[in-house]
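Shown next, in structure tokens, is the structure this report addresses.
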Amino acid sequence: MKLDRRYLIAGTTLFLAAGSGHIVQNADRWLGEDAGVVVQPESSQADFDSFDVENVVPLAGVADEIGEASAAIPTGGISLPGVPDVAFRAPVLSTSTAGLGPRMKSVEQNYKPMKHVGDNLNQYGLPCDTDVIAEPTEAAMVRVTLFAACRPDQRVEVVHNKLRFSVSTSNTGGMTTLIPALEKTANFALKFPDGEVLTVAADVPDADDFQRVAVQWRDKNEMHIHAYEFGAGFNDDGHVWAGSPRSPAFGAGGKGGFLTTLGDPEMRAPLMAEVYSFPRGESRNTGVVRVSVEAEVTKANCGRTIAAETIQPGVGGKPQAAELTISVPACDATGEFLVLKNILRDLKIARN
């Protein structure tokens with residue numbers, strides 16, 4: 001068994017300290033008069049003037065006991081065993097993937113997903129009832145939480161106004177996502193592959209306090225919003241994008257805008273969206289926020305025509321969607337980006 005040097009040394013020190021304290025406190029008993037320990041009496045010297053020597057009773061056996069105890073203590077001091085010289089080596093973990101495929105196949109073959117077994121219960125005895133909750137949070141965001149014990153690892157399409165994206169439930173049938181509210185009365189619909197639809201709504205009084213624009217797309221087309229606040233350049237502090245999205249708390253404090261990415265890109269045929277939000281009338285600055293969209297040329301979309309959709313305020317300030325078609329360059333341009341300007345209007349910010 002390997003010993004931890006730190007614990008062993010600490011234990012030894014504690015033992016020595018405890019032993020030393022015991023010997024000092026009881027030196028007159030264990031070491032005799034020659035121990036060199038001087039005990040200061042609490043009372044003054046005047047207290048010994050009336051000491052009656054005639055009433056002293058000799059304890060003959062105590063001297064022999066002290067002598068035997070003193071002889072039992074090693075003259076060279078207390079000797080403890082040393083720390084074993086053991087080399088501490090980190091365990092070597094194998095990086096071999098040999099046999100991994102058959103082992104994983106066995107796991108997949110034996111996996112049994114949760115299912116109905118009768119009386120509206122799944123195989124673990126949990127009720128199959130579904131429920132969804134919508135809670136408004138800071139910066140006019142809404143936290144949508146789904147409970148569906150009999151729908152583990154299932155696709156869910158979330159629809160809010162013109163906004164649409166897809167997520168997956170967990171292996172216990174749960175799901176939570178944070179969505180920017182596009183209207184004060186925020187309605188949400190959650191759609192399952194078998195056609196079941198759950199609806200929920202939340203009152204978001206501060207929804208009109210934020211200007212919001214969005215872009216949404218299907219599959220792995222890698223489109224991103226770039227917002228350049230008040231003259232900021234690429235990678236400056238005022239450049240907000242997926243690589244520097246900020247948080248809703250930043251926007252709630254009126255410091256600037258923030259970006260929200262919606263959807264699970266690892267799903268099959270995912271529905272993805274990005275939403276840029278800027279606080280209206282609470283900004284510490286005035287000016288213009290330039291907004292553009294970039295599309296990456298990948299092996300999956302090169303040489304093809306892809307579709308997307310933009311969402312921005314329309315007549316009366318209500319969200320308005322517009323379809324967008326992009327011809328992607330040939331595959332020798334893989335890794336490059338198409339900058340799509342003027343498809344989202346710049347935001348004019350005025351401080352109240």
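The values are calculated or read from the model by the stated rules, or taken from the named source; none is laboratory data. These numbers were taken from a predicted model, which means no experiment stands behind them. Cβ: placed from backbone, ideal geometry, glycine included. Neighbour counts: every protein chain shown.
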Take the residues in region 301-349 that are closer than 14 Å to GLU222 by Cα, β-branched (Val, Ile, Thr) and under 36 Å from the mean Cα position of the chain (by Cα), then tell me which one is surrounded by the fewest Cβ atoms within 10 Å (Cβ to Cβ). VAL339
When GLY195 is run through (1) at positive phi; (2) in a loop (DSSP other than H, G, I, E, B); (3) in contact with a Pro (Cβ under 7 Å, 6 or more places away or on another chain), the failure sits at (3)
GLU229 of a type in the set (D, E, K, R) and crowded, with 19+ Cβ neighbours inside 10 Å: yes
The lone exception for PHE250 - which of (1) in a strand (DSSP E or B); (2) crowded, with 16+ Cβ neighbours inside 10 Å it fails: (1)
So which residues in region 256-300 are in a strand (DSSP E or B), on the phi > 0 side of the Ramachandran plot and within 23 Å of the chain's Cα centre (by Cα), if there are any at all? none
Can you go through LYS191, LYS184 and tell me which one is among the charged types (D, E, K, R) and surrounded by 16 or more Cβ atoms within 10 Å (Cβ to Cβ)? LYS191
Consider region 128-167. How many of its residues are within 20 Å of the chain's Cα centre (by Cα), buried (at least 17 other Cβ atoms within 10 Å of the Cβ) and touching a residue at least 60 places away in the same chain (Cβ under 8 Å)? 3
Which one is modelled with the highest pLDDT among residues in region 211-226 that are surrounded by fewer than 19 Cβ atoms within 10 Å (Cβ to Cβ) and either at positive phi or touching a Lys or Arg at 6+ places or on another chain (Cβ under 7 Å) (or both)? ASP219
